[in-house]
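Written out below as structure tokens is the structure these notes cover.
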Amino acid sequence: MIRVCFHGAESTGKSVLAAKLAEELACPWVPEYGREYAEEHGTEFAMEDLLAIAHGQDAAMQAACAGNPPLVILDTDPLMTAAWAQMLFGKIPAELFAYTKAEHYLLFAADTPWQADGTRMFGTDQSRAQFAAVAEDMLVRARVPFTRIGGSWDERETLVRAILAEMAQA
């Protein structure tokens, strides 16, 4: 089983592309639990909210992996929650690094137009750049393999498709 996690700053096409490719490839897709949580509880997060989000995200991933499918697409994981903790509170609880990691991460660049949707927070050029850097730092700190994804929407999709096809053949 290969878990591929879409990782990076807000409004970079991760969720749309993850859902689209999971459907086309007929593989499990684990949506972003934090979005559902924010829509239900609001975005005035405390650290306890982030820990609950990480736990919910991991539980959804474990459920999707239960049948040992060849490929699972994750639309985030607790390493992204760690980036949120750093951005919002300036510190990261160690438990956010303790969760099971994906076999590969796709780091989406913040080089696309930002779109407000009611749950996104970091829309200025400066905050997007900072969030992107923090997201990358989480991958480096966790010592997980990742590939950078950037460019136009079509370029992103083409690159991700190629990476997933290569992984399926490995």
* To do: Kindly indicate whether Met47 is at pLDDT 95 or above and either over 29 Å from Ala168 (Cβ atoms) or basic (Lys, Arg) (or both).
  => yes
* Which of the residues belonging to the range 1-19 are within 18 Å of Gly151 (Cα to Cα) and surrounded by fewer than 21 Cβ atoms within 10 Å (Cβ to Cβ)? -> Ser11, Gly13, Ser15, Val16
* Please list, ordered by first then second residue, the pairs with beta carbon atoms under 6 Å, 6 or more apart or interchain, first in the range 101-113 and more than 14 Å from Ala142 (Cα to Cα), second part of a loop (DSSP other than H, G, I, E, B) and of a type outside the set (Phe, Trp, Tyr). => Phe108/Thr12; Ala109/Gly150; Ala110/Ala9; Ala110/Thr12; Asp111/Gly150; Thr112/Thr12
* Structure fact -> Of (1) touching a residue at least 12 places away in the same chain (Cβ under 8 Å); (2) part of a helix (DSSP H, G or I), Asn68 satisfies every one except (2)
* So, of the residues in the range 49-107 that are surrounded by 16 or more Cβ atoms within 10 Å (Cβ to Cβ) and among the hydroxyl-bearing types (Ser, Thr, Tyr), which turns out to be farthest from Ala18 (Cα to Cα)? -> Tyr99
* Failed item, numbered, when Ala26 is tested on (1) free of Cβ contacts under 8 Å to residues at least 60 places away in the same chain; (2) within 18 Å of the chain's Cα centre (by Cα) -> (2)
* To do: Return the residue satisfying two criteria in turn: it lies in the range 26-50 and is out of contact with any helix residue (DSSP H, G or I) (no Cβ under 7 Å at 6 or more places or on another chain) and hydrophobic (A, V, I, L, M, F, W, C), and of such residues it is nearest to Met167 (Cα to Cα).
  => Cys27
* **Residue count, the range 5-60 (criterion: farther than 20 Å from Met87 by Cα, of a type outside the set (Gly, Ala, Ser) and assigned to a helix (DSSP H, G or I))** => 9
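The values are calculated or read from the model by the stated rules, or taken from the named source; none is laboratory data. None of these values were measured; they are calculated from a predicted model. A quick note on method: Cβ atoms are made from the backbone with ideal geometry, for glycine too, and the neighbour counts reach across all protein chains shown.
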